[in-house]
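Structure record follows, encoded as structure tokens.
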Amino acid sequence: MSKRLVFIVEGDTEIIFIQNHVCPYLLKKGFNISMHAQTITTNRKLHKKGGNTSYGKYKNDITRTLSQGNVIVTSLVDFFKLPTDFPGFTTDSLKIDDIEKAISLDINNTNFIPYIQRHEVESLMFSDKTGFELVIDNDEKLSLIDDILQEYSNPEDINSSPQKAPSKRLESIYNYDKVADGEMIFELIDFDLIINKCPRFRNWIDKIVTKLSE
């Protein structure tokens, strides 16, 4: 029996992104296995899901999924507003690798690949302007997107302050809807372009491909 691949993510935008883009990319690579994304369970009794409220809840979902056996588990959570109880926590986005290593040591399972997006999944949207042209019908506002694209050749660098995180920038430019707009923006961006422009993200995808190839 082939292994399954499960993505533990924060919310609906991430689920849509994984299901519509990452999974099809892996299928094209020849990995014809069961793959799906699920949000972190924040309150099991109330059946609440979504968000990343604590390391404990994140870890519980990962270890519970791993215990099912015959599964590779990975995560997609944002560094922006990452809970401070994560192992190796730091506010330095250039040290995200240290947090991921600390998580790996704590969970201690070779079938788990931790990944923290620098800074938010929205940063990947800035790999290309095409998607924004669909949701923003205003040249002046689109020029503000152009300014950001020109300033940052690597979209993963976009975050000069808490008020300048990728999602906050979008909210300041127009009435950004995380789920609806996120789906439309990503739909128009070539996935290979995201991989080419976002080195941390590319490294994560490479790790998944390597694990699936074992």
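The values are calculated or read from the model by the stated rules, or taken from the named source; none is laboratory data. Small disclaimer: the values here were computed from a predicted structure and weren't measured. Just the protein is used for accessible areas: all its heavy atoms, side chains included, with ligands, DNA and RNA removed. Shrake-Rupley method; radii C 1.70, N 1.55, O 1.52, S 1.80 Å.
Tell me whether the range 3-130 comes out rounded, prolate or oblate; compute the Cα gyration tensor, take square roots of the eigenvalues as a ≥ b ≥ c, and use a/c under 1.5 as the rounded threshold. Cα axes put the range 3-130 in the rounded bin. For Val71, the residues whose modelled amide H falls within less than 5 Å of its own, excluding neighbours fewer than 5 places apart on the same chain, are Arg4. Kirkwood analysis of the range 62-166, using all unique Cα-Cα pairs, places the hydrodynamic radius at 15.7 Å. The distance separating the Cα centre of the range 168-196 from that of the range 54-71 comes to 29 Å. Among the listed pairs Lys57/Lys101; Lys178/Lys211; Lys129/Lys207, give every one whose C-alpha distance is greater than 23 Å. Beyond 23 Å: Lys178/Lys211; Lys129/Lys207.
Distances between placed amide hydrogens fall under 5 Å for Ala37 paired with Phe7, all partners being 5 or more residues away or on another chain. Only helices enter the 222 nm calculation for the chain: every DSSP H run of n ≥ 4 contributes -39,500 (n - 2.57), and dividing by all residues gives -13000 deg cm²/dmol, rounded to 500. Roughly what angle does helix 55-66 make with the longest principal axis of the chain, taking Cα atoms, 0 to 90 degrees, to the nearest 10? With both axes taken from Cα atoms, the answer is about 60 degrees. Taking θ as phi - 60° and the Karplus parameters 6.51, -1.76 and 1.60, the scalar couplings of the range 145-155 work out to 5, 4, 4, 5, 4, 6, 6, 10, 6, 9, x Hz in sequence order, x denoting glycine and proline. Remark on Gln117: its backbone amide H falls under 5 Å from those of Val77, Asp78, Phe79, a criterion applied only to residues 5 or more positions apart or on other chains, H modelled at 1.01 Å from N. Heavy atoms of the protein chains alone define the surface here; on that basis the range 69-140 has 42 Å² accessible area per residue at 1.4 Å probe size. Computed from backbone phi, the HN-Hα couplings of the range 20-28 come to 8, 10, 5, 4, x, 4, 5, 4, 5 Hz, rounded to whole numbers (Karplus: 6.51 cos²θ - 1.76 cosθ + 1.60, θ = phi - 60°; Gly and Pro given as x). Over the chain, the ratio between the Cα radius of gyration and 2.2 N^0.38 Å evaluates to 1.01.
Per-residue 3J(HN,Hα) values for the range 122-135, derived from phi via the Karplus relation 6.51 cos²θ - 1.76 cosθ + 1.60 with θ = phi - 60°, read 4, 4, 5, 5, 7, 6, 7, 7, 3, x, 5, 5, 7, 9 Hz in sequence order (x marks Gly and Pro). Using Cα-Cα distances under 8 Å and only pairs 6 or more residues apart, what relative contact order does the chain have, in percent? After rounding, I find 19 percent.
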